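The values are calculated or read from the model by the stated rules, or taken from the named source; none is laboratory data. For clarity, every value in this text was computed on a predicted model and none was experimentally measured. Please note: Cβ atoms are built from the backbone with ideal geometry, for glycine as well, and neighbour counts cover all protein chains shown.
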Amino acid sequence: MPTLLVRNAEMLVTMDPVRREIRGGGLFARDGFIEAVGPADTLPATADEILDASGLLVLPGLVNTHHHLYQTLTRAVPGAQDAGLFDWLKVLYPIWARMTPEDVDLATRTGLLELAHSGCTTAFDHHYLWPNGSTVADQVAAAHEVGVRFHVSRGSMSLGESAGGLPPDSVVEDEDVILADCADVIDRFHDPAPGSMTRVVLAPCSPFSVTPDLMRRSVELARDKGVRLHTHLAETRDEEDFCVATFGARPVPYAEDLGWAGPDVWYAHGIFVNDEEIGRMAAAGTGVAHCPSSNMRLASGIAPVARYLAAGVPVGLGVDGSASNDGSNMLGETRLALLLARLASSPGIGSGPQMAARTALEMATLGGAAVLGRDDIGSLAEGKCADFFTLDLSRIEYAGALHDPVAAALLCAPVPALHTYVQGRAIVSGGECTCLLHEQHWIDEHNRAAARLVRGD
């Protein structure tokens, strides 16, 4: 079994139960799992691979809990640049309907590579429309090549415009077909074992694009198969108005009435919730993926993250759609979560203390792991997966900030990871992708596909 030794870090952040930060620290891993963490002189002297982390900050891999990788194909599209969620969707739905399996493959590769360069080692993708024969298998194959730990969703839309929903009928599916494919995808791809590289989530898109019956039946199937559940919820005032007018309830009570509550459920966004709803979510263990960039980009609002954390709601971070961000940078997203939380506590907007940099980092690591239901990632500790990334503290962005390199990682401008390791394997080394040859080739192919989609060729 291959071994890995990381040693001599300027600082190694464990996120272990006592939150150790070890100067001159390192870790030793065997077959992708950590066997020891501590000062370099307490670790084995040799290994099959040795990474000298002198001058580097070593951090647990970041966990992305909400994304739409296919949207890397439609960044900065004219007509959708200055719109709120519903109008933004109406511009983009027809473009997305043109996607092919090859487009989905390219977008998955591109988005995951970008995430890896930002220190992300585990990513959940919420993919909910499957035009022109595209399938979950297209994403899983691409993710396997990139090497990022992947939670893939069999998302869905079934409530088309003609039935009172938002999406055009051309991008919705029959509900029996959806559920049959969900069961098949789980059987083919879901791996619940520790260290698993692929897990499946059932993820109907949103209250305005699926029926209550599909929401209810998805819960039944997911719990029968032992997989998790995810949906967009309480993202905008438009959505809240839709739920009240259509279902007679606010988004959270509506979802809870359909069985969407519990430690196997997490919502994307969760902006428009009240204290009573937060209390019920905390009691049930229902989690939230906080997506600050997208919420700012679409002018949706500010999620009540401080109230979630105070109540005990599991909170992770998500970069969200690459067409509503328009990026896939988890370190940058963690910084924005920190800054937006501080804005939310400012006079005239909110109250309370400013969020600390280490709190934001905890949401991006342990928080994300909890939301995804994993106890094998999120920290650097014995028995955990060897998922980590490094930042080069000699870069100009950190000049004058080395008295606290951990805080500097978030307070200073985000920089690319120098190394990113998943399960003890380097997928970024020296700032270069090791998982796919000729990264520029995939970027060029992706750009050609994006141009074709938007032109409508």
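Considering only residues that are touching a Phe, Trp or Tyr at 6+ places or on another chain (Cβ under 6 Å) and of a type outside the set (S, T, N, Q), look in region 61-83 and name the one that is modelled with the highest pLDDT. Residue satisfying both the conditions and the ranking: Gly61. Working only within region 405-445, note down all residues that are over 22 Å from Ser394 (Cβ atoms) and either in a strand (DSSP E or B) or aliphatic (A, V, I, L, M) (or both). Once the filter is applied, which keeps residues that are over 22 Å from Ser394 (Cβ atoms) and either in a strand (DSSP E or B) or aliphatic (A, V, I, L, M) (or both), region 405-445 yields Val422, Arg425, Ile427, Leu436, Leu437, Ile443. Being over 28 Å from Leu380 (Cβ atoms) and in contact with a Pro (Cβ under 7 Å, 6 or more places away or on another chain) holds for only one residue in Ser206, Ser134, and it is Ser134. Residue count for region 136-161 under the criterion of being closer than 27 Å to His419 by Cα and not in a helix (DSSP H, G or I): the result is 6. Within region 432-451, the residues that satisfy the criterion of being touching a residue at least 60 places away in the same chain (Cβ under 8 Å) and out of contact with any Phe, Trp or Tyr (no Cβ under 8 Å at 6 or more places or on another chain) are Cys433, Cys435, Glu439, Trp442, Ile443, Glu445, His446, Ala449, Ala450.
Each row is one residue, and each column tells you yes or no for (1) surrounded by fewer than 20 Cβ atoms within 10 Å (Cβ to Cβ); (2) touching a Gly at 6+ places or on another chain (Cβ under 8 Å); (3) at positive phi; (4) not hydrophobic (A, V, I, L, M, F, W, C).
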residue: Ala284; (1), (2), (3), (4): yes, yes, no, no
residue: Ala289; (1), (2), (3), (4): no, yes, no, no
residue: Ser294; (1), (2), (3), (4): no, yes, no, yes
residue: Asp320; (1), (2), (3), (4): no, no, yes, yes
residue: Ala323; (1), (2), (3), (4): no, no, no, no
residue: Leu336; (1), (2), (3), (4): no, no, no, no
residue: Leu343; (1), (2), (3), (4): yes, no, no, no
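Here Thr359 passes the criteria (1) of a type in the set (S, T, N, Q); (2) in a helix (DSSP H, G or I); (3) more than 19 Å from the chain's Cα centre (by Cα) except the one numbered (3).
Among the criteria (1) of a type in the set (Gly, Ala, Ser); (2) free of Cβ contacts under 8 Å to residues at least 24 places away in the same chain; (3) in the same structural domain as Val422 (by TED's automatic domain parsing), the one Gly348 does not fulfil is (3).
Could you list, in sequence order, the residues of region 22-72 that are under 28 Å from the mean Cα position of the chain (by Cα) and more than 19 Å from Ser379 (Cα to Cα)? Residues satisfying the conditions are His66, His67, His68, Leu69, Tyr70, Gln71, Thr72. Is it the case, given these coordinates, that Thr74 is over 20 Å from Val177 (Cα atoms), crowded, with 24+ Cβ neighbours inside 10 Å, β-branched (Val, Ile, Thr) and in contact (Cβ under 8 Å) with a residue 40 or more places away in the chain? When the stated conditions are applied, Thr74 does not pass them. Within region 421-439, the set of residues being farther than 12 Å from Ala116 by Cα and small (Gly, Ala, Ser) comprises Gly424, Gly430.
Can you name every residue in region 345-374 that is surrounded by fewer than 21 Cβ atoms within 10 Å (Cβ to Cβ) and of a type in the set (Gly, Ala, Ser)? Selection gives Ser345, Ser346, Gly348, Gly350, Ser351, Gly352, Ala356, Ala357, Gly373. Say we look at region 378-409 and pick out the residues that are crowded, with 24+ Cβ neighbours inside 10 Å and of a type in the set (A, V, I, L, M); which of these is farthest from Leu339 (Cα to Cα)? This residue is Ala386. Within region 175-186, the set of residues being touching a Lys or Arg at 6+ places or on another chain (Cβ under 8 Å) and either surrounded by fewer than 18 Cβ atoms within 10 Å (Cβ to Cβ) or of a type in the set (Ser, Thr, Tyr) (or both) comprises Asp181, Ala183.
Among the residues of region 238-252, is any under 27 Å from Lys225 (Cβ atoms) and out of contact with any Cys (no Cβ under 6 Å at 6 or more places or on another chain)? The answer is yes; a qualifying residue exists. Could you list, in sequence order, the residues of region 243-267 that are touching a residue at least 40 places away in the same chain (Cβ under 8 Å) and either more than 24 Å from the chain's Cα centre (by Cα) or surrounded by fewer than 22 Cβ atoms within 10 Å (Cβ to Cβ) (or both)? Once the filter is applied, which keeps residues that are touching a residue at least 40 places away in the same chain (Cβ under 8 Å) and either more than 24 Å from the chain's Cα centre (by Cα) or surrounded by fewer than 22 Cβ atoms within 10 Å (Cβ to Cβ) (or both), region 243-267 yields Thr246, Phe247, Tyr254, Leu258, Gly259, Pro263, Asp264. Only one entry in Glu102, Glu161, Glu145, Glu114 is among the charged types (D, E, K, R) and free of Cβ contacts under 8 Å to residues at least 40 places away in the same chain, namely Glu161. When Asp176 is tested against (1) over 29 Å from Val428 (Cβ atoms); (2) in contact (Cβ under 8 Å) with a residue 12 or more places away in the chain, just one condition goes unmet, and that condition is (2). Ser294 - would you say it is part of a loop (DSSP other than H, G, I, E, B), within 30 Å of Lys225 (Cβ to Cβ) and either at pLDDT below 95 or under 18 Å from the mean Cα position of the chain (by Cα) (or both)? Criteria not met by Ser294.
What about Thr42, is it outside the structural domain of Leu366 (by TED's automatic domain parsing) and crowded, with 17+ Cβ neighbours inside 10 Å? In short, no.
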